[in-house]
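Structure, as structure tokens:
The values are calculated or read from the model by the stated rules, or taken from the named source; none is laboratory data. These numbers were taken from a predicted model, which means no experiment stands behind them. Virtual Cβ from ideal backbone geometry, glycine too; neighbours counted across all protein chains shown. Heads up: the accessible areas ignore ligands, DNA and RNA and are worked out on the full protein's heavy atoms, side chains in. Shrake-Rupley method; radii C 1.70, N 1.55, O 1.52, S 1.80 Å.
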Amino acid sequence: MHRVRQMGIDFSVGTLNFLANIGIMLPYILMLLKYQQTQSETFLIALVAFYISRAASIFYTKRLNLRSTTYLIVSLVFGAAGSLTFALTNAVGWLIVGSLLWGYSAATIWPYFLTVKLHLSASSDFKMKRLYWAIFLGLGIILAVDLAVGLSYSLTFALLAVLYLAAVPGGILLNNFTNDFYQNRQLRPHRLHQIWRWVLSLVGFAAIAVLTTLRKESLNLPGWLLLTIIAVALLVLAIELYGDRNVLPNYKVRLLNRGFLVSLMLLFNGFFAYFYFGSLGMYVVFALYLVGFETGYPVFRKLGHGDPTRALKYSQVALVAGHLFLLIPWWPVYAVGILLITLYVGYDNPTINATLYGLPEIDSDTAIVHKYRFSTYGGLLCQLVLFGLLIVVSTVQGTSILSFFKPTTTANFWLYTWTLSWPLVLISLGISIGNICHEPHEEQAR
């Protein structure tokens, strides 16, 4: 009986580990597949609602006086409710509710899980089981059965709901393991304040919702109106950043840079790679990103022979070189540029986690949430710049915005290279160099 119980605990914690790692992307991918299968406005609305909830939730979580372990359990319950909603109904109202709940889960499950892992590493020797491949295999089999029987992903959604619920006991166990960590900590209440910022942010995310829809469907809106929407969103973003000027001032540029780079790689180049590699372009970029993200830290540590300063310099050289390679319109150099930048992101990610978590001037229970909040700012900035450039190009050239997001020919390769790729890469390079120049000040602040 003890062995069975231990196997159940290992499965629950392993499932939690799995969901935390894939939770931000897998729900979006499944919703996107469902929309592409049905081409239904209902699922388009649900997809946009999920995207906005995922972007907004990282800004408005941690408002109550709760532990990160409690928020982690809430994320699991919301994820189960959201996925179960998609398994059971096609009603637009319920799907919007499900999207909002699942969006919150996707945005917060990894930051809170990582926070709890860091708490455990600081206070115990607790080890988590890794069941990635077993669960991936199970999901793959269920997805294949789903498609073969014609259940329209409902079986896959239902299995995900079961996995979220199966991970709840693991979340409760981690909560118990961190009791000692929280026992002597002073509670810091988080009250709702600055209501005007909440209202203003609703305007900003409404603008993001319109732009997100432009990636899926053609909206008959004039170019000047779309540019006005982007200008409003940029203004809201600037006000929000100014409002948070005293939060992590020495690390803000680094976090904004991280968010901009991730959006540049996964969003822009996920689509732009079509003009280099055809229909396989998005998969090539995702594969390069995965390799760089997973190997960046060990690669630069090896090159730096264990010296963090030297490893940092090598990673920064790779970052700048990657940007310069992206300016050369030849597919082998382009692929190397993507890999070099993602290697930098892979190196920077664990180092910034450790740095922020150990800062004495910030509550360690909120450090990782702040990291992802400012990274999201950078990602949204990249998206707004991309859409601004794309709308201007489409208006001047008389092309459809969807011709970039849903291309059927590579005829516009040079048009998008000059007007989208080069400007975005140069802006990103400027932010990256600003971050590198700011780095010595950050080291002194540690």
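Are there any pairs with C-beta distances below 7 angstrom linking a residue in the range 283-298 that is at positive phi to a residue that is among the acidic types (D, E) and surrounded by fewer than 16 Cβ atoms within 10 Å (Cβ to Cβ), with the two at least 6 apart or on different chains, and if so which? Matching pairs, first to second residue: none at all.
Does T409 fit the bill of being in a loop (DSSP other than H, G, I, E, B) and open to solvent by 40 Å² or more (accessible area, probe 1.4 Å)? Yes; evaluated as a whole, the condition is true for this residue. For the range 304-318, the criterion of being without any contact (Cβ under 8 Å) to a residue 60 or more places away in the chain and closer than 19 Å to Y416 by Cβ is met by none of the residues. Among the conditions (1) of a type in the set (G, A, S); (2) under 17 Å from R215 (Cβ atoms); (3) surrounded by fewer than 18 Cβ atoms within 10 Å (Cβ to Cβ), S394 misses just one, which is (3).
If you take the residues in the range 61-80 that are open to solvent by 10 Å² or more (accessible area, probe 1.4 Å) and free of Cβ contacts under 8 Å to residues at least 60 places away in the same chain, which one is farthest from the chain's Cα centre (by Cα)? That would be L66. Just one residue in the set N257, N269, N246 is surrounded by fewer than 16 Cβ atoms within 10 Å (Cβ to Cβ) and either under 28 Å from T366 (Cβ atoms) or within 22 Å of the chain's Cα centre (by Cα) (or both); that residue is N246.
Residue-level analysis places P298 among those that are open to solvent by 70 Å² or more (accessible area, probe 1.4 Å) and under 20 Å from F286 (Cα atoms). Out of I73, I9, one residue alone is modelled with pLDDT of 80 or more and either touching a Gly at 6+ places or on another chain (Cβ under 6 Å) or among the β-branched types (V, I, T) (or both). It is I73. Annotation for the range 205-219: no member residue is modelled with pLDDT of 80 or more, open to solvent by 30 Å² or more (accessible area, probe 1.4 Å) and closer than 15 Å to V385 by Cβ.
Listed by position, the helices (runs of 4 or more DSSP H) enclosed by the range 244-316 that each have at least 2 residues that are under 17 Å from T376 (Cβ atoms) are 252-263. Of the residues L386, L381, the single one that is open to solvent by less than 30 Å² (accessible area, probe 1.4 Å), assigned to a helix (DSSP H, G or I) and touching a residue at least 60 places away in the same chain (Cβ under 8 Å) is L386.
The one condition from (1) open to solvent by less than 10 Å² (accessible area, probe 1.4 Å); (2) within 22 Å of the chain's Cα centre (by Cα); (3) of a type outside the set (A, V, I, L, M) that R373 does not meet is (1). Considering the conditions (1) modelled with pLDDT of 85 or more; (2) of a type in the set (V, I, T); (3) surrounded by fewer than 19 Cβ atoms within 10 Å (Cβ to Cβ), I45 is excluded by exactly one of them, (1).
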